[in-house]
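Inspection log for the structure reproduced underneath, given as structure tokens.
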């Protein structure tokens, strides 16, 4: 065996044919193209799909799923566009200069800044991820993530409209939501560990121009967050169908269990924060404090939000952050309800 024969054969470049000419690349559909093809199939075969789901339980679940996705998608798009704008057009050092240098002070400032984002929880997740990638302290970004869906002007106004003659309900929601967000930010600052949180790496999304970066970031965030939104909406739809309605009346008769029951119901229903006040107002057999817990917990801890947080920040983060947020939100709701609603 000669030395030439003993040497390994050179690796052939996949982009070259054996004769040296360029080799055609095989077409592989992107995520967006796959979503588009599935949408076309569903539209064309709509009658066949309807025949396959002609069962009351399946139809109810499908209605809940479509309602969640329909409510959340516009605000998800808003959050994605805002996140892309932050990445593309805001200088990296702006947020560090805008917030106090001490993280303990940055947390309440970031929490109060949540009133400026007119969206729901689906919008706040990509924005919080973008803030972290731009150097904002995770505790401050998390306070913003929790407060923005619950204290923005649209949510406050919808709560006032849903509870006519009871303006204290909107005030209680604002106070309890902001207090919960700030408390969670401080808790993360005190007890959180870096290995639990996966800060999104957005270095691969920098384009040749700011508008190119904007397009890359918006497409990436929408496809990534949208997929987990669908997963969370499916889980919420299944839980909605599986939950017996007789449980509601049984819970309303117990002051403590009614608070926990409506808080858990908020997690399951996964209603957009822009519309959940009208649902809470319909629970007339429950106390105002129990309904306050529903309004405070829902925008911070629900199935679709948990799914999106796990996808963006990692499962280790979501499995710790969500249960703790739930406990703090319920406790703060009880205190604020006793103070303002009793």
Being out of contact with any strand residue (DSSP E or B) (no Cβ under 6 Å at 6 or more places or on another chain), assigned to a helix (DSSP H, G or I), over 30 Å from residue 287 (Cα atoms) and modelled with pLDDT of 80 or more narrows 176, 141 down to just 141
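Yes/no matrix, rows are residues, columns are (1) part of a helix (DSSP H, G or I); (2) modelled with pLDDT of 80 or more; (3) farther than 22 Å from residue 152 by Cβ:
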| position | (1), (2), (3) |
| --- | --- |
| 259 | yes, yes, yes |
| 271 | no, no, no |
| 295 | yes, yes, no |
| 308 | yes, yes, no |
| 317 | yes, yes, yes |
Among 252, 233, 280, which is the only one that is closer than 18 Å to residue 73 by Cα and modelled with pLDDT under 90? 233
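Being surrounded by 16 or more Cβ atoms within 10 Å (Cβ to Cβ) and under 28 Å from residue 128 (Cα atoms) is true for just one of 251, 265. Which residue is that?
Unique residue meeting the criteria: 265.
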Just wondering, is there one or more residues in segment 98-116 that are at negative phi, modelled with pLDDT under 75 and assigned to a helix (DSSP H, G or I)? no
Taking segment 181-195 on its own, how many of its residues are in a helix (DSSP H, G or I) and at pLDDT below 90? 2
Candidates 212, 206, 224, filtered to the one that is at pLDDT 75 or above and either surrounded by fewer than 15 Cβ atoms within 10 Å (Cβ to Cβ) or under 28 Å from residue 323 (Cβ atoms) (or both): 212
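The values are calculated or read from the model by the stated rules, or taken from the named source; none is laboratory data. Small disclaimer: the values here were computed from a predicted structure and weren't measured. No Cβ is skipped: glycine too gets one built from the backbone with ideal geometry, and neighbour counts run over all protein chains shown.
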